[in-house]
1. Highest mean first, how do 153-165, 171-183 rank when packing is the count of other Cβ atoms within 10 Å averaged over residues?
2. Take each of the peptides 215-227, 196-208, average the number of other beta-carbon atoms within 10 Å over its residues, and list them starting from the highest.
3. Could you put Val230, Val254 in order, starting from the residue whose Cβ has the fewest other Cβ atoms within 10 Å?
4. Could you work out the pair-distance distribution P(r) of the stretch 142-193 from its alpha-carbon pairs, with 5 angstrom bin width and percents rounded to whole numbers?
5. Let me have the 222 nm mean residue ellipticity of the chain computed from DSSP H runs of 4+ only, each contributing -39500 (n - 2.57), with the sum over all residues rounded to the nearest 500.
6. Distance cut-off 30 Å, Cα to Cα: go down the list Lys55/Lys159; Lys94/Lys223; Lys94/Lys119; Lys55/Lys124 and report the pairs above it.
7. Where does each of 112-124, 88-100 land if you order them by average Cβ count within 10 Å, highest first?
8. Where the convex hull is taken over the Cα atoms of the stretch 111-221, what is its projected area averaged over directions, in nm²?
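The numbers here are math on the coordinates, done by the rules we state, and not lab data. Bear in mind that the values here come from a model prediction, so they are computed numbers and not experimental data. Cβ atoms come from the backbone with ideal geometry, glycine included; neighbour counts cover every protein chain shown.
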Amino acid sequence: MIGKPEVAQRRLALAALLFAPWPLPAGAQSTAPPTVAAASDLKFAIEELAAQFEKATGARLRLVFGSSGNFYSQILQGAPFHLFMSADEDFVFKLADAGKTLDRGRLYAIGRIGIMVPKGSSLKADGELKDLAAALKDGRLKKFAIASPDHAPYGMRAKEALQRAGLWQAILPRLVIGENISQAAQFATSGSTEGGIIAYSLALAPQVAALGDFALIPESWHKRLAQRMVLTRDAPQAARDFYAYLSTSQSQAVMVKYGFALPR
């Protein structure tokens, strides 16, 4: 029989594998594929779409996942990103105002958040966070994961939802903060916490869904996750083609599969 420490280690290793970034491609910079800086909630959706795009066109892409706030700062400082897919459109508008982009971009999706609890957790996946409130009072809750509210839009929305539920101050000492929403999802599913608030798009991926239970938090509990993408001024043709590809009905169907609402 496998003991609890071994189970926890295996679960943590699996979660780390699921949320690991793509390796950097080899080759000279002159022939390097364009870089897509994508918010971490897009990991599974954009990996699937990039594979479809490469198969259809033969053009390769380099995918980098992280928090939108960090990407915003890096682009301001001259980072060589060609397409920025932000989880918060305000970062795109700020870059446009700073003259770093071709235009003000396009709204490509509306995101959602929810509570994820790993298998065996003492918490229930309750979208209105009532069991989370009870767990804070009865001592069941030791650790709870969210993305950084300082620079990750999904962390900002998690904070707003916890404030709406009246739990923010009480839960602060128990928070485990992920650098981005993928890392928060790793914490929430690995068994190192009792659960966390993660992106619906990550929870819908079969690899993640198998690790626990999930429930959506009401949209009215937080500011809308308006996700906007934009090309930077030196974007090569392959990046522009992928930008256009993301507007196709085929691409939009993949986004819907991962729980994103399409902008109206």
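1. Per-residue Cβ counts within 10 Å, averaged per peptide and sorted highest first, yield 153-165, 171-183.
2. In decreasing order of mean packing, 215-227, 196-208 become 196-208, 215-227.
3. Fewest-to-most ranking of Val230, Val254: Val254, Val230.
4. Reading the bins upward from 0: 6, 24, 31, 27, 12, 1.
5. -11500 deg cm²/dmol
6. Beyond 30 Å: Lys55/Lys159; Lys94/Lys119; Lys55/Lys124.
7. In descending order of packing, they fall as 112-124, 88-100.
8. Answer in nm², one decimal: 5.7.
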